[in-house]
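Chemist: Once you've had a glance at the structure underneath, I'll fire off some questions.
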There are 2 protein chains.
Amino acid sequence: MTESEALALFKCLADKSRLQILKSLAMEDMYVERLAERLNLTAPTISFHLKKLTDVGAVRSYKTQYYTMYALCSEVFRPSIMELIQEKSDEADLQAQRDEAYRQKVLSSFMQYGKLKSIPAQKKKERIILEELLKAFEPGRIYTEREVNIILADYHDDFCTLRRDMIGEHLMERDKNGYWRVDEQK
Amino acid sequence: MTESEALALFKCLADKSRLQILKSLAMEDMYVERLAERLNLTAPTISFHLKKLTDVGAVRSYKTQYYTMYALCSEVFRPSIMELIQEKSDEADLQAQRDEAYRQKVLSSFMQYGKLKSIPAQKKKERIILEELLKAFEPGRIYTEREVNIILADYHDDFCTLRRDMIGEHLMERDKNGYWRVDEQK
DNA sequence: ATTTTATTTTGATATTTATCAAATTAGATA
DNA sequence: TATCTAATTTGATAAATATCAAAATAAAAT
């Protein structure tokens, strides 16, 4: 089971009516109207819940003459909660984690005591460093070139290269009034 | 753990952010801002989630100089989902179930083939029967005495007693225009 | 004492969703 | 085929809630 499947399962369990349905089905198979009567809900509402439960594989249904009987899929409920929580992440999450790990690795190999040991030659690595240094600037605020130099000089003597590459990587922009952060997201 | 505690726990698990928090805390204890950074959420949001998780006993916190560290309460996650689902119901639910069981017992011993075998002598039992017969009347509609008689006669020859006791139990009311159901709730 | 930093609370908002009534579909019996 | 009955879908509504920004607390360092 993947992480998002576990989430979907928990969402299903996070409802009183659905828990009651599961508890009822744990005792014996039942059809929609029987459940509606037991829980004091309408048939459409029970149907709605059973659909959700079916979608996550918690229940299954079979026909017996008049009725559509619903039954519990017990296997789904065997694992402990901990097992579900620790499901490994989906592909997207995994990639994000890998990215973050790489970022940390680059940061720790080029930064020390809050200073930049050297400016990475690889563009990809320098980009990561620059993104980190960018945090020293407030979003929206406009800085003079002198202010930018002072801030960057805190990290490395060659603040000119840093300043130029900030512009080159489009992390900052400039005009006659000064420099400012580029903030894309949101 | 009671049924409603299990429900509260599942509600907590039914959120992506909280699952990620738990997964993070499963690796190591963390403080609010660290989690906010990892999940790309604001500190207030993390705080909000941690409060919920604390309330259900999923995490606990302790102070270490600067920070409030949060830690997983692993015991909570050991049981299988099935164990939680089958928690016995709360006191209120249990009482409701007992009441319903008693009602069914009375109904089945005095009713047969949709007819009333006899009118219960015990007031408590008759009340249950009358409440059941009341369902034959539409809420809001006004019936003539003759109509009431016809409906009640379907259940027992002594429809006069039934009609009188409907009034006596305040299940129906009457005035010069006729009879009607008393519907309290909603 | 003052300032800084971490955390929580408050207020507002947008999204999700459980529920029902009414309408529709599907199956089985007559 | 026609007619029940069970089940689902649709549309509407009310309640819950995840999130953020801003304000308020708390706690530590200067």
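The values are calculated or read from the model by the stated rules, or taken from the named source; none is laboratory data. Owing to the predicted nature of the structure, the values given are computational and were not obtained by experimental measurement. Reconstructed Cβ throughout: ideal geometry from the backbone, glycine too, with neighbour counts over all protein chains shown.
Chemist: Go through (1) over 30 Å from residue A:24 (Cα atoms); (2) modelled with pLDDT of 85 or more; (3) not aromatic (Phe, Trp, Tyr) one by one and return the number of the condition residue B:128 breaks.
Modeler: Going through the list (1) over 30 Å from residue A:24 (Cα atoms); (2) modelled with pLDDT of 85 or more; (3) not aromatic (Phe, Trp, Tyr), residue B:128 breaks only (1).
Chemist: Separate question: Test of understanding: among B:39, B:53, which residue is within 22 Å of residue B:10 (Cβ to Cβ), modelled with pLDDT under 95 and hydrophobic (A, V, I, L, M, F, W, C)?
Modeler: Unique residue meeting the criteria: B:39.
Chemist: Quick one: which of A:35, A:13, A:41, A:22 is in contact with a helix residue (DSSP H, G or I) (Cβ under 6 Å, 6 or more places away or on another chain), farther than 28 Å from residue B:22 by Cβ and in the same structural domain as residue A:68 (by TED's automatic domain parsing)?
Modeler: None of the other options fit; the residue is A:35.
Chemist: Moving on to the next point. For region B:73-86, check the following and say yes or no: at least one residue is of a type in the set (Lys, Arg) and assigned by TED's automatic domain parsing to the domain that holds residue B:13.
Modeler: Taking every residue of region B:73-86 in turn, at least one turns out to be of a type in the set (Lys, Arg) and assigned by TED's automatic domain parsing to the domain that holds residue B:13.
Chemist: Taking residue A:71 and the conditions (1) outside any helix (DSSP H, G or I); (2) within 13 Å of chain B (Cβ to nearest Cβ); (3) of a type outside the set (Lys, Arg), which numbered condition does it fall short on, given that it satisfies the others?
Modeler: That leaves (2) as the condition not met.
Chemist: Give me a count of the residues in region A:125-170 that are among the aliphatic types (A, V, I, L, M) and either touching a Gly at 6+ places or on another chain (Cβ under 8 Å) or crowded, with 18+ Cβ neighbours inside 10 Å (or both).
Modeler: 9
Chemist: Could you tell me which numbered condition residue B:23 fails, if it satisfies all but one of (1) of a type outside the set (A, V, I, L, M, F, W, C); (2) away from chain A (no Cβ under 11 Å); (3) surrounded by 17 or more Cβ atoms within 10 Å (Cβ to Cβ); (4) under 25 Å from residue B:83 (Cα atoms)?
Modeler: Among (1) of a type outside the set (A, V, I, L, M, F, W, C); (2) away from chain A (no Cβ under 11 Å); (3) surrounded by 17 or more Cβ atoms within 10 Å (Cβ to Cβ); (4) under 25 Å from residue B:83 (Cα atoms), the lone unmet condition for residue B:23 is (2).
Chemist: Quick test for you: out of B:36, B:43, B:14, pick the one residue that is at the interface with chain A (Cβ under 10 Å from one of its Cβ atoms) and within 9 Å of DNA strand C (Cβ to nearest atom).
Modeler: Exactly one of B:36, B:43, B:14 is at the interface with chain A (Cβ under 10 Å from one of its Cβ atoms) and within 9 Å of DNA strand C (Cβ to nearest atom), namely B:14.
Chemist: Can you name every one of the helices (runs of 4 or more DSSP H) wholly within region B:76-163 that holds 3 or more residues which are under 27 Å from the mean Cα position of the chain (by Cα) and more than 14 Å from chain A (Cβ to nearest Cβ)?
Modeler: Passing ranges, in order: B:91-110, B:123-134.
Chemist: Within region A:1-8, does at least one residue satisfy the condition of being under 18 Å from residue B:82 (Cα atoms), within 14 Å of chain B (Cβ to nearest Cβ), within 13 Å of DNA strand C (Cβ to nearest atom) and touching a helix residue (DSSP H, G or I) at 6+ places or on another chain (Cβ under 7 Å)?
Modeler: yes
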